[in-house]
Amino acid sequence: TKPCGRRSSSFPSLDPPAGFVQELPYVLVDCIGGRYGVYEDHAEFLKKHFHLIAMKEYLENKKFLSKKIRAIYMWYHKPVIKEELLQSLPNLKIVASSGVGIDHLDLNLLSRYGVKVSNTPFVVSTDTADLGMALMLASSRRLVEGYQIAVSPDTEYFPADWLGAEVSGATLGIVGMGTIGYKVAERAKAFEMKILYHNRNQRNKEEESAVGAIYCKKIDDLLQQSDFVLLSVNLTPQTHKLIGKRELELMKPTATLINISRGLVVDQDALVEALQNKVIKAAALDVTYPEPLPRDHPLLKLKNVIITPHIGSATKKTRRLMMENMVESIHAGLRGLPIPNEVLL
Amino acid sequence: MGGGELPGLLVNEIGGIHGILHGHVALLKKHFYLITMKEFLENRKHMSKKVQAIYLWWHKPIIDRELLQSLPNLKVIANSGVGMDHLDLKLVASFGVKMANAPYAVSSSTADTGMALLLASARRLVEGNISILLSDLLGVEVTGATLGIIGMGSIGYKIALRAKAFEMNILYHNRTRRKEQEEQAVGATYCEKIDSLLQQADFVMVVVSLTPQTHKLIGKREMELMKPTATLINISRGAVVDQEALVTALQTGVIRAAALDVTYPEPLPRDHTLLKLKNVIITPHLGIKTDKTTYMITEEAVENILAALNGLPIPSEL
């Protein structure tokens, strides 16, 4: 099926036939409002399409609601879907998950119950690539530290010998050259960076030359040459702890690790050690394991680490587009039509 | 010049708060006999005739009439960086002393800083650092947004090159219009009137020299022309922006946010309101502060000074 256009927001498939009055489909959400809940302004839109049932309400009225619920709207990976839930929702047809990552879903389990799955892969790409660039620039130029100096009550002067490292002209190694990785390459090229990439498959020649990217079949080659190593892979059993002690030791001691994929792609304990022992210079992480980290975690104390709270796709516009894509996928799933952004096993 | 004796180069100090970086000393000593201000003041009679060049680092030593009068063999002043607002150019010229700055060395690094600030502000990176995920830590998009560049010199142009890769719509305002090919290469649209740029831009990036004409270029009027969702980024000089007007604009939502690598003064007084506003990022004038760029600046300065002392055309003469 053709993926959703990035800016598509018209839904010809959603208009009910004229004169047809129908009960809105019952869709389960975790909660509305609050820290991880569906945004209030999104809920307004959603309620025009669905009869939203929050988990709390569902649990209080299982007998009636369990047969009604036909879709789950998964926002920030909630509600958590376990077999028990699937067993109690006999008419569940589709789970729409926000974002591109699907490592939090048991696809085999959902498939066994005949439940389809969708995500929002394309709308998140540019924002996530932008954040990758933001982290690389902020880390390299010591932006957060600089801010702290600029506003600290103790600052009397700005020292001349306080320096960062150059981004322009440096070597960027992209691990995972999917949609997001490629958009990072497009941006990095404008900074005259030398771009290396490692991927399961090599991209074609035109794609490579458009961004001046050189394929490293062996990740070691990329790690040894890069000033910045950026991770933009999916989390799969193969990429779990992809970057561990060995990989960190292959990196230059002047190199920076940037992670915009999933916390578990990196061996976090090995990373802490590598940073403390100056095996690598710095890290900038939009993702950790868990999220958020416990407040006493050593990563939060290291001066050479920037951690952002998984904001890769966190712009109003993109979150709105994600929501609209999910609505479209749910409607298609409920009508037995081809599902945009379906996740196949 | 006496046989084998290197020309005297006056610098403010070596190391310390604003001094020449230790890593640059070897390069300078290769070509020059280094004299610090302290050494000069302690031994004026002997040193004053030796000084043929001055290398300014972070605007020091201060060049005044008294100093110029006491250096009869001074031929050239090399400025680190590209800003010249701290120098009385007419005074220096009246003594027949040439001046040079370092435009090539600074442009990429400063353009990178502009982009770093733009991205950090848009995506609320500083706010988000080590914080727990906030459901409302939503930023604004950079890709596809409109960037208005005020001042399209070397640095402004390098910003345009970078912004183009983010698919940004680029507007620019400059004293003079760039050539068509230059505009097309970055997809930039000229705004003869600054108002037109201010009204359309999601990000306003200020990249001008500080001159009497650009002093308080961005004031209350200009900020009110900006969108309430817009971000102001200043990588030029603090005095290009009316700082009081900026505080008011940020507090009352006239503009969304600001990111400033430069202020007036630097650093700001510790009780200044700008330091407390959540929608402001301030950085300590780090535009050129990388190992590579600072070294390139000194290399460029050395080249300029040697050319001047050898009676050759100076690459970056002002």
Residue tally, condition away from chain A (no Cβ under 12 Å) and surrounded by 21 or more Cβ atoms within 10 Å (Cβ to Cβ), over region B:174-190: 1
Members of region A:20-53 found to be aromatic (Phe, Trp, Tyr) and over 25 Å from residue A:335 (Cβ atoms), listed by number: A:36, A:39
Residue check for residue A:230: closer than 25 Å to residue B:116 by Cβ, touching a residue at least 60 places away in the same chain (Cβ under 8 Å), more than 14 Å from chain B (Cβ to nearest Cβ) and touching a helix residue (DSSP H, G or I) at 6+ places or on another chain (Cβ under 7 Å): yes
Filter result (surrounded by fewer than 23 Cβ atoms within 10 Å (Cβ to Cβ) and either in contact (Cβ under 8 Å) with a residue 40 or more places away in the chain or closer than 24 Å to residue A:130 by Cα (or both)) within region A:244-261: A:254
Residue ID - surrounded by the most Cβ atoms within 10 Å (Cβ to Cβ), chosen from residues in region A:170-190 that are facing chain B (nearest Cβ under 7 Å) and touching a residue at least 24 places away in the same chain (Cβ under 8 Å): A:187
Helices (runs of 4 or more DSSP H) (entirely within region A:74-149) containing at least 3 residues that are open to solvent by less than 10 Å² (accessible area, probe 1.4 Å) and at negative phi: A:125-140
Out of B:99, B:84, sole residue that is assigned to a loop (DSSP other than H, G, I, E, B), open to solvent by 10 Å² or more (accessible area, probe 1.4 Å) and either of a type in the set (Asp, Glu) or closer than 18 Å to residue B:314 by Cα (or both): B:84
Residue match in region B:157-173 (condition: open to solvent by 50 Å² or more (accessible area, probe 1.4 Å), more than 23 Å from residue B:239 (Cα to Cα) and either at pLDDT below 95 or in contact with an Asp or Glu (Cβ under 8 Å, 6 or more places away or on another chain) (or both)): no
Residues that are closer than 16 Å to residue B:208 by Cβ and open to solvent by less than 30 Å² (accessible area, probe 1.4 Å), drawn from region B:118-154: B:147, B:148, B:149, B:150, B:151, B:152
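Condition test on residue A:54, is it crowded, with 18+ Cβ neighbours inside 10 Å and touching a Cys at 6+ places or on another chain (Cβ under 7 Å)?
So residue A:54 fits the description; yes.
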Whichever residue in region A:27-51 is open to solvent by 20 Å² or more (accessible area, probe 1.4 Å), under 21 Å from residue A:92 (Cβ atoms) and not in a loop (DSSP other than H, G, I, E, B) and, among such residues, is nearest to the other protein chains (Cβ to nearest Cβ): A:32
Evaluation of residue B:28 against (1) open to solvent by 10 Å² or more (accessible area, probe 1.4 Å); (2) under 24 Å from residue B:294 (Cα atoms) (one fails), failing number: (1)
Failed criterion for residue A:121 (all others in (1) more than 30 Å from residue A:61 (Cα to Cα); (2) within 14 Å of chain B (Cβ to nearest Cβ) hold): (2)
Among (1) over 30 Å from residue B:300 (Cβ atoms); (2) at the interface with chain A (Cβ under 7 Å from one of its Cβ atoms); (3) aliphatic (A, V, I, L, M) - the single one residue B:171 does not satisfy: (2)
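The values are calculated or read from the model by the stated rules, or taken from the named source; none is laboratory data. Predicted model, so just to flag it, every value in this text is computed and none were measured. When we count neighbours, we look across all protein chains shown, and the Cβ atoms used for this are built from the backbone with ideal geometry, even at glycine. We work out accessible area using only protein heavy atoms, side chains counted, and drop any ligands, DNA or RNA first. Shrake-Rupley method; radii C 1.70, N 1.55, O 1.52, S 1.80 Å.
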